[in-house]
1. Determine if region 360-376 includes at least one residue that is more than 18 Å from residue 346 (Cα to Cα) and buried (at least 19 other Cβ atoms within 10 Å of the Cβ).
2. Output the number of the condition that residue 39 fails; it satisfies all remaining conditions of (1) within 16 Å of the ligand (Cβ to nearest atom); (2) farther than 26 Å from residue 359 by Cβ.
3. Across region 360-399, what is the number of residues that are within 22 Å of the chain's Cα centre (by Cα), free of Cβ contacts under 8 Å to residues at least 40 places away in the same chain and assigned to a helix (DSSP H, G or I)?
4. Please work out which residue is farthest from residue 414 (Cα to Cα), limiting yourself to region 12-40 and to residues that are in a strand (DSSP E or B) and among the small types (Gly, Ala, Ser).
5. Residues of region 149-196 being over 15 Å from residue 220 (Cβ atoms) and buried (at least 16 other Cβ atoms within 10 Å of the Cβ), which ones?
6. Looking only at region 150-171, count every residue that is of a type in the set (Asp, Glu), part of a loop (DSSP other than H, G, I, E, B) and farther than 18 Å from residue 186 by Cα and tell me the total.
7. Hey, any hits in region 81-94 for a residue that's over 24 Å from the mean Cα position of the chain (by Cα) and either away from the ligand (no atom under 16 Å from the Cβ) or at pLDDT 95 or above (or both)?
8. Of the conditions (1) within 29 Å of residue 333 (Cβ to Cβ); (2) surrounded by 13 or more Cβ atoms within 10 Å (Cβ to Cβ); (3) of a type outside the set (S, T, N, Q); (4) under 27 Å from the mean Cα position of the chain (by Cα), residue 418 satisfies every one except a single condition; which number is it?
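The values are calculated or read from the model by the stated rules, or taken from the named source; none is laboratory data. Here the structure is a predicted model, which means the values were calculated and not measured. Note: ideal-geometry Cβ built from the backbone for every residue, glycine included; neighbour counts use all protein chains shown.
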Amino acid sequence: MTTSPLFYQAGPDMPEVSHGRGVFLWDTHGKEYLDGCSGAISCNLGHGREDIRDAMLAQLDRVAFTYRTQFENAPAVALAHALVEMTEGELEKVFFVSSGSEAVESALKLARQYFVARGESQRRHFVSLRPSYHGSTLGALGITGYEPLEAPFVDITTGSIKVPGPDFYRHRDANRDAHIRRVLDETRVRIEDAGGDTIIAIVVEPVGGASTGARLVNKTYLQGLRALCNEFGCLLIFDEVLCGVGRTGSWFAYQQWGVAPDLLTTAKGLGAGYYPVGALLAREAVVETVMASGGFQHGHTYAGNPLACATGLAAVEAIRREHLLDNVNARGHQLQQGLETLRSRYPWIGDVRGLGLLWGVELVMDPVEKTPFPAASNLFARVTSLAKEEGLLIYPRRTLNGLAGDHFLVSPPFIISESETTLLLERLARALDRLDREVVAPLLAELAASTANGITG
Ligand code: PLP
């Protein structure tokens, strides 16, 4: 067998994809997989959609690429209007990009340029959460709070002030209100330590992605962040690269709590996996200030090209036409109930959390102390490969130094039906049953034996 020249992180036994239809994918050996995580939470409308294919082909027949400084293009204008409408006019301006990392880079640079234009160039710090994930390029990585990804690059990224976010599962405060108060107090202290007038923006994912396993915020927390931004004169940025465009059952996740940001990033599901397209949305006042100062000193070659925007527009129109936000909520409810049932079956399922069709399942060795399994047991990888054997794709992350146990995301396409959701849960149940018998039980027995030997020896 020839060795592949690709060097992605992938096991040697990775199957080769043949084709996809709806929520299913098939490999070249004919094995079927239910896409329980929409690829990388990006194929939000399922595979093989003819409406999106037709829209892309129609655009290809007209023109695939034009450069944004040479031509206006109708799909870009229409998609920008659609995005503004999705925020109910809260954010009025749109800057297109081709990925989530590019959207985040654009947000960081627009925010910085805004303050430079206002004569506040002493503002040079971003505040972000640990854990969090904001992208793989150096700027986005700098505000990311995920140690394994940061480690090789900490000396060469600009970094950010990392503060804890809400953790409704692991916190040890008296109740949720006390927890939010403490988290906000700590954020305030860190901002004051740096100097309130040096902060550019606070950047938060309203619903976490893989780094946190779909951790949620709440209204009090977002209101608290908004109050801090108002007090210290900095901007509020929501990173909805993963949780935006309907994933949580509303167009944008922040709408569930009614606190709008100044800038918002989105990507992944915007092109529904058919073509890369992302966007930075911003308040008009921010954009006007930057444009009046000589323009935004930023841009990517493929940004806002006609084919990308025609694809994004077709995806958004499909969500509207097929009332898919209703399905996200209905199937999300079904998924939540099914995951809770599985949780009640296995003590090592510590937490099930999420919204809409974005659910995180966290695995812990000790459900009372919420102690993660030893990192070396690689539970996140074991559960993912067992699920794959059972014909189900899920999206995993390893345990994180006391901040989270091994966890995985369940986030199927918005088109998933009731019976397909039942099938997803059945395949997951089979994988978890095997995990219990083949991995967790022997591991716990081994750990108990070594503890006993330690005591007697
Ligand atoms: N921001 C968030 C919240 C994400 O989940 C991701 C990707 O997972 C990114 C940014 C980076 O997006 P991309 O991988 O498209 O560059």
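1. Within region 360-376, none of the residues are more than 18 Å from residue 346 (Cα to Cα) and buried (at least 19 other Cβ atoms within 10 Å of the Cβ).
2. It fails just one condition, (2).
3. Matching residues across region 360-399 total 3.
4. Ranking the candidates gives 18 first.
5. 150, 157, 159, 160, 161, 162, 163, 164, 169, 170, 190, 191
6. 1
7. Scanning region 81-94, I find no residue that is over 24 Å from the mean Cα position of the chain (by Cα) and either away from the ligand (no atom under 16 Å from the Cβ) or at pLDDT 95 or above (or both), so the answer is no.
8. The failed condition is (2).
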